[in-house]
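Heads up: the structure comes next, in C-alpha cells.
Any read-out appearing in this document is the output of simple, stated calculations on the displayed coordinates, not a laboratory observation. Everything numeric here is computed off the predicted structure, so don't read it as measured data. Every residue, glycine as well, gets a Cβ built from its backbone with ideal geometry; the counts of neighbours run over all protein chains shown.
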Amino acid sequence: ELRPICALFPFLNLISVISAIEEEVVVGNTWLDKYLELGFWHAFVVSLAVIIVSEIGDKTFFIAAIMAMKHPRTLIFGAAISALVVMTVLSVLLGFITTIIPRVYTFYASTILFVVFGVRMLYEGYYMNDDEGQEELEEVQMELKKKEEEIDNKKTVSDLEGGNSSVEAPQKSLLSTLLTSIFSPVFITAFTMTFLAEWGDRSQVTTIVLSSREDPWGVCIGGCLGHSLCTAMAVIGGRMIAQKISVRTVTLIGGFVFLLFALSSIYLGPDTTG
C-alpha cells in the first residue's frame, strides 16, 4: 500500500525543483528588465540622440555626401561607417577604462561637460550665419578635390610605368572584387578622411564621456546606429538635406538636447543612470 505513495516522492521532488527554477528565472528576468531599462536603454537613447544632433551637417556628413556623388554609394557608405564604427569602439573602450575612477567623479564631470557642450552649441547656433552649412560644404569640396588630384597623379604615374595593356583582364571572383574595393584608393580616402575628421570631434568626446558613466554596450550600439543613420542620409541625399535643413537649426536643437540630458542626469543621480 505504501508503494504508490513512495513512487510519488521523485515526482514531488521534480516539481519542487522546477518551482525553484521558475522562481529564479522570474527574479532573474525582473532584474534583467530593470537593468536594461535603467542601464542599456538609457545609454542607447542618449548615445543615439547625441550622435544624430552632432553629426548632421558635420564635416564627416559632407565627406560622405560629396564622395557619394562621384563614386558608388555602397562603397562610400562602407568606408565611412567602417571608420565611424572603429572610432566609436575605440571611444567606448577609452571611456570604459576610466571606470576605475570612482563613479561619482566621472558622473559629475561628464554632466558638467554636457552643460558646456550644450551652452556652446546654443552660443554657436545663435551667432551662426544661415549659410554656415554651405561654407562647410565648400571647405570639404576643396579638401576632396586635392585628394582626388593626388589619386589621379598616382594613377597616371602607375599607368606610365606599367604600360597600357589592351588584353582583357580575367573575371574576378566576388571575394577578389570585395578586397579590391576595400583596398581601392577611393575606399581608403573616404575611410581616412572620415576617421581623421571624427578624431577629437564633439561626438567622439561625448561617446568617451557617456561610456565612462553609462552602459558601454548601449553607448556603443546607439552610437553605431546613430552614425549609420546619418551616413545613410548623407550618402542617399546629403546635398539636398544640407540645402533643406539649416545647420543653425540643428546646432540649436543639439544644444537643447545636451542640456536636457544634463538635467535628466542630475535628476536621476549617479546611482540610477548607470
Pop out the ³J(HN,Hα) list for region 249-260 in order, Karplus 6.51 cos²θ - 1.76 cosθ + 1.60 with θ = phi - 60°, rounded to Hz; leave Gly and Pro as x. 5, 5, 5, 5, 4, x, x, 5, 5, 4, 5, 4
Compare the peptides 52-64, 94-106, 222-234 by average per-residue count of other Cβ atoms within 10 angstrom and give them in order, highest first. 52-64, 222-234, 94-106
Cβ-Cβ FRET estimate between Trp41 and Ile97, R0 fixed at 35 Å, reported to 0.05: 0.90
Note the full-extension length gain between Ile188 and Leu90 as 0.36 nm times their separation in residues minus their Cα-Cα distance, in nm to one decimal. 33.4 nm
Report the extension gain between Val119 and Val104 in nm, rounded to one decimal, defined as 0.36 nm multiplied by the number of residues separating them, less their alpha carbon distance. 3.1 nm
Chain lengthening between Ile253 and Trp217 when straightened (0.36 nm per residue, less Cα-Cα): 10.4 nm
For region 203-215, Karplus couplings with θ = phi - 60° (6.51, -1.76, 1.60), whole Hz, Gly/Pro x: 5, 5, 4, 5, 4, 4, 5, 4, 6, 7, 10, 10, 5
